[in-house]
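See structure below.
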Amino acid sequence: MIEPKVFYRKLDSLLATISSRRSAKDYLFEILKKFEVTFGQDLHICKGKIYENKGSFFELIFSSVENVGLTEIYTDLSPVHALLKSGIYIFDDPSFTIDKSLVGSNEYAIPAALLVSSTESSWIFVFELSGGWVREEVEFSFNAIRRALDYKLFSEAMQSELQQTAKIQQSLLPSEEPQFDGYDIAVFSKQAELVGGDLYDFFNFDKNEFGFCIGDASGHGLPAALMVRDVVTGLRMGVEKHMKMVHTLKRLNEVVFRGTYSSSFISLFFGELEINGNLFYMNAGHPSPYLFKKRSVVPLPSTGMVIGAFPKMELSRSFVFMEKGDVLVAFTDGIVERTNPEGEFFGDKRLIDTVKVLKNKPSKEILKDLFDFAYEFGAGIKWEDDASILVIKRN
C-alpha cells in the first residue's frame, strides 16, 4: 500500500500542475498522461482513455495505448448512468461494466472511470486497474482529480464570462470626456474587480446645455455591474432635453427595484448644466459633491433616497450657480472611504483640503493629483472598493 505522505505529496504536485495551467481543457490529454505516469504504479492504473460528450454518446478522443478497444460509450446504458450520477465508478463486476469488450478476456480488466465537466461539455476518463489496486485510494484520487478539473474548467468559463461582461460595461461608459464650450471636464474610474459598480455618463442636449451623472451601486463585482448596465441603459432611454428629471428617476427606481440579480440599490448624482453656469441637479443618496468657489466650498447634499431600495421614492431637484473659476468635484465613496494602514479614512476633509490646493489647475490635473493622493494615502494597496472622480471646471 502506498505510503500516505508520498501519496499526498504526489497528489498535491499533480493538482498544482493542473491549477497552474492556462487552460485545463486544452491540457486534458496531458493531464491524463501525467496522472497515469504519476499514479500508475501506486494505484495500479494503466491504458487511460478520454471520451467526449456528443449528446447520446461519448466519443473516444484520446488513448494512451494503440489498441483502443471501445470507441463509443452510449449514455442509455445502466453502467453509464451510474457513472454520470456518482462522478466516479469502479466497474469490478463484469456483468455491470462500461466496457463489454473487456469481459471476454481471460482475466477481466477492471475499468475505473471519472467524469469531468465544464459549462460547455463533459468528458469521461477511463483507466484499467491491474492486480493490487485499493478501492479507497483509487476513489479518493479520482475524486480529487475530478473536482480539481471541474473547478478549473468552471473558473475559466466564469472568467471568460466576466471578461465579456467587463468589455460590455466598458463599452457602456463614455470613452472620452464631452466638449462643452466654456467648461473643462475630466473623469476617471478605477474598479476594485474586473467588473464594478461605479458609473458615469454624459448627455449632449445642444450647444447650450448638457447633462452628466455619477453613481455607485451597492457592493461591487458582477451584481453591481448588472445594476450599472440597467441604470445607464435606463437613463439613456429616458433622458431628453426639457425632460422632467424627477419623473425619469422615479420611473428608473421602479425598474431597478424589480431587479433580482443585480445589487440592491444605487446612489446617483444627476445634473443639467447650462452654458451660463446654471446647474440643476438631483442627488439620490450619493456622497455630496463639492462646488469649490473662490472663497467657499458648497456641498450639494442629497435631495432624495437611493435608487432601487424601495418601490417608491421621494426625490426633488435643487439649483446652484457655477461662476467662472468654480470647480465641481463629484466622486464615489471608494475615494473618501479609502483607508491607510492605521485604518483611518481618507475622508471628505482631506479631499476638500487637497482640491483647494489644486483648484487652479486644469481638470485633468486636479483629477490625477487627487486620485494619486488618495492612492498613496492607502499605502499603494489595491483598491478595496470601486473609486471614481468627475471634475467640471468653468473657465
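The values are calculated or read from the model by the stated rules, or taken from the named source; none is laboratory data. Values in this document were obtained by computation on a predicted structure and should not be read as measured data. Quick reminder, even Gly has a Cβ in these numbers, built from the backbone with ideal geometry, and neighbours come from all protein chains shown.
When the residues of the range 34-60 are narrowed to those that are within 33 Å of the chain's Cα centre (by Cα) and modelled with pLDDT under 90, which ends up surrounded by the most Cβ atoms within 10 Å (Cβ to Cβ)? Only one residue fits best here, namely F35. What number of residues within the range 194-208 satisfy the criterion of being within 19 Å of Q170 (Cβ to Cβ) and loosely packed, with under 12 Cβ neighbours inside 10 Å? The total comes to 0.
For the condition at pLDDT 95 or above, on the phi < 0 side of the Ramachandran plot and of a type in the set (S, T, Y), S316 does not qualify. Figure legend. Inter-residue proximity from the range 235-258: first residues of a type in the set (S, T, Y), second residues at pLDDT 80 or above, beta-carbon distance below 8 Å, spacing 6+ or different chains. Indicated pairs: T248/L235. Listed conditions (1) more than 31 Å from the chain's Cα centre (by Cα); (2) touching a residue at least 12 places away in the same chain (Cβ under 8 Å); (3) over 24 Å from V231 (Cα atoms) are all met by S318, apart from (3).
Restricting D26, D76 to residues that are modelled with pLDDT under 80, farther than 21 Å from E136 by Cα and in the same structural domain as F140 (by TED's automatic domain parsing) narrows the list to D26. Is there a residue being of a type in the set (G, A, S), closer than 19 Å to L235 by Cα, buried (at least 19 other Cβ atoms within 10 Å of the Cβ) and in the same structural domain as G219 (by TED's automatic domain parsing) anywhere in the range 305-317? Looking through the range 305-317, at least one residue is of a type in the set (G, A, S), closer than 19 Å to L235 by Cα, buried (at least 19 other Cβ atoms within 10 Å of the Cβ) and in the same structural domain as G219 (by TED's automatic domain parsing). Across the range 109-142, the number of residues qualifying as free of Cβ contacts under 8 Å to residues at least 12 places away in the same chain and touching a helix residue (DSSP H, G or I) at 6+ places or on another chain (Cβ under 6 Å) comes to 0. Only one of the numbered conditions (1) at pLDDT 75 or above; (2) more than 42 Å from the chain's Cα centre (by Cα); (3) surrounded by fewer than 16 Cβ atoms within 10 Å (Cβ to Cβ) is violated by R147, and that is (2). Take V65 and tell me if it is within 24 Å of L149 (Cα to Cα) and part of a loop (DSSP other than H, G, I, E, B). Against the criterion (within 24 Å of L149 (Cα to Cα) and part of a loop (DSSP other than H, G, I, E, B)), V65 qualifies.
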